[in-house]
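*Asks:* First the structure, which I've put down as structure tokens, then a few questions once you've had a look.
The values are calculated or read from the model by the stated rules, or taken from the named source; none is laboratory data. Predicted, not measured: the structure shown is a model, and the values here were computed from it. Here the Cβ positions follow ideal geometry from the backbone for every residue, glycine too, while neighbour counts run over all protein chains shown. For accessibility, only protein heavy atoms count, side chains too; no ligands or nucleic acids. Shrake-Rupley method; radii C 1.70, N 1.55, O 1.52, S 1.80 Å.
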Amino acid sequence: MPSRAPTVTAADFLPSSTDLDDLAAAAGACRGCDLFSDATQTVFGEGPAGARMMLVGEQPGDQEDRSGEPFVGPAGRLLDTALREAGIDREPLYVTNAVKHFKFVPAERGTRRIHKTPSRTEVVSCRPWLLAELDAVAPEVIVCLGATAAKSLLGNDFRLTAHRGEVLRLPGDVSARNDPAVVATLHPSAVLRGPAEAREDSLASLVSDLRVAAGQLRR
Ligand code: URA
Ligand code: SF4
């Protein structure tokens, strides 16, 4: 389905500064799509400006929305496990999401907020923040955690099932210093949500793809 470019996007809120703290502050006031209105706050990326590896998730979840930090809830804990098994330290990484506000629907009963996948329009609206982070950090390696992140950076036709774990490059329309290697893998939530008997295998896939990504770091 062709998606028309949204009229207002994050681009209308980008500051002239390319400093990560300035970007995060400006993103806090973004109204580039409707998702800001029900969420608690913008969850911008976190990590050092000189990070050599950048992880991109989908969007903040319930706990990230409350805390303001990416990957601190159940998916974050699974990610931590996978990183540990792959022998990768989280601290020096830059961790962010394709979409910076939590999209949810209320549970039919109770007060729980149920994650809802962002639309293509929302992903496109939020993309200027991701590209600004990419420009500021200039990582050597990008890991796309799940299809939403992969489609945002690699194009809407990208198929995770066909290219999971491959070493890819960004398409020509995404300018990035350093020509980073890109590896797309499963989203940690997909590991958590999958059937129990498949969990070990999907975690192993995630760990193995993270190892592939780490192997792309220049020495
Ligand atoms: N899922 C994501 O994609 N990102 C987060 O930050 C948390 C859960
Ligand atoms: Fe802006 Fe992205 Fe939040 Fe939409 S989801 S309001 S584009 S920061």
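*Asks:* Give segment 103-113 a look and list any residue that's part of a loop (DSSP other than H, G, I, E, B), more than 14 Å from ligand 1 (Cβ to nearest atom) and not β-branched (V, I, T), or say none.
*Replies:* A107, E108, R109, G110, R112 - these are the residues of segment 103-113 that are part of a loop (DSSP other than H, G, I, E, B), more than 14 Å from ligand 1 (Cβ to nearest atom) and not β-branched (V, I, T).
*Asks:* With respect to the numbered conditions (1) under 18 Å from F36 (Cα atoms); (2) of a type in the set (A, V, I, L, M); (3) open to solvent by less than 50 Å² (accessible area, probe 1.4 Å), which one is the sole condition not fulfilled by I114?
*Replies:* With respect to (1) under 18 Å from F36 (Cα atoms); (2) of a type in the set (A, V, I, L, M); (3) open to solvent by less than 50 Å² (accessible area, probe 1.4 Å), I114 is out only on (3).
*Asks:* If you don't mind, there's one more thing I want to ask. Look at R66 and say whether it is of a type in the set (K, R) and within 16 Å of ligand 1 (Cβ to nearest atom).
*Replies:* Here the answer is yes, as R66 does meet what is asked.
*Asks:* Mind checking whether some residue in segment 95-107 is away from ligand 2 (no atom under 16 Å from the Cβ) and modelled with pLDDT under 95?
*Replies:* Taking every residue of segment 95-107 in turn, at least one turns out to be away from ligand 2 (no atom under 16 Å from the Cβ) and modelled with pLDDT under 95.
*Asks:* Which one of these is more than 16 Å from ligand 1 (Cβ to nearest atom) and of a type outside the set (S, T, Y): L35, L14?
*Replies:* L14
*Asks:* Still on this structure, I have one more. Check whether at least one residue in segment 81-102 is within 17 Å of Q216 (Cα to Cα), touching a helix residue (DSSP H, G or I) at 6+ places or on another chain (Cβ under 8 Å), within 10 Å of ligand 1 (Cβ to nearest atom) and open to solvent by less than 10 Å² (accessible area, probe 1.4 Å), and report yes or no.
*Replies:* no
*Asks:* While we're on this one: Please go through segment 48-67 and pick out each residue that is closer than 28 Å to R177 by Cα and open to solvent by less than 40 Å² (accessible area, probe 1.4 Å).
*Replies:* Passing the criteria: A51, M53, M54, L55, V56, G57, E58, Q59, P60.
*Asks:* Something else now. Looking for something of a type in the set (S, T, Y), under 19 Å from L210 (Cα atoms) and away from ligand 1 (no atom under 16 Å from the Cβ) - is there at least one such residue anywhere in segment 156-178?
*Replies:* yes
*Asks:* Would you kindly identify the helices (runs of 4 or more DSSP H) lying entirely within segment 126-219 that contain at least 2 residues that are over 21 Å from P60 (Cα atoms)? Give the steps one after another, and end with the answer.
*Replies:* Numbers: elements: 147-154, 160-163, 188-193, 196-214.
Here the list reads 160-163, 196-214.
*Asks:* If the Cβ limit is 6 Å and pairs must be 6+ apart or interchain, which residue in segment 31-46 that is open to solvent by 20 Å² or more (accessible area, probe 1.4 Å) pairs with which residue that is more than 16 Å from ligand 1 (Cβ to nearest atom) and assigned to a helix (DSSP H, G or I)?
*Replies:* C33/S125
*Asks:* Within segment 115-126, track down each residue that is more than 11 Å from ligand 1 (Cβ to nearest atom) and farther than 18 Å from E69 by Cα.
*Replies:* Passing the criteria: K116, S119, R120, T121, E122, V123, V124, S125.
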